[in-house]
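Peer 1: One structure coming up, written as structure tokens, with questions to follow.
No value in this document is a laboratory result; all are computed from the given coordinates. Quick caveat, the model's predicted, so the values are computed rather than measured. Please note: Cβ atoms are built from the backbone with ideal geometry, for glycine as well, and neighbour counts cover all protein chains shown.
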Amino acid sequence: MHVEIRGAEKLSFRERQVVVLKEMGYPAEAIARRLKLSPSSVATLFNRARQKGYEVVIVLPGGLLLPDEEELADGGEGGE
């Protein structure tokens, strides 16, 4: 599994940094400390990036969503 940010080419370097850290779950205060910015700058960069439009896409390996043999034997219900 890996994560892609589609539309990242529209973002500035700083906007990309903020987006990556925000999408990884870091709070604005932690991002501000890490990038040596103010929390309001982090918020501004994130909002600007959102306005430019980007998508976070999780790419899963092909077999990850296929039912395993046990589920197939149970009729595909997965024990629910």
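Peer 1: Could you give each residue of the stretch 13-28 its phi-based ³J(HN,Hα) in whole Hz, using Karplus coefficients 6.51, -1.76, 1.60 with θ = phi - 60°, and x for Gly or Pro?
Peer 2: These are the phi-based 3J(HN,Hα) values: 4, 5, 4, 4, 4, 5, 4, 4, 5, 5, 5, 7, x, 6, x, 4 Hz.
Peer 1: Can you give the FRET efficiency for Ala43 and Met1, using 1/(1 + (r/R0)^6), R0 = 25 Å, r = Cβ-Cβ distance, to the nearest 0.05?
Peer 2: The calculated FRET efficiency here is 0.30.
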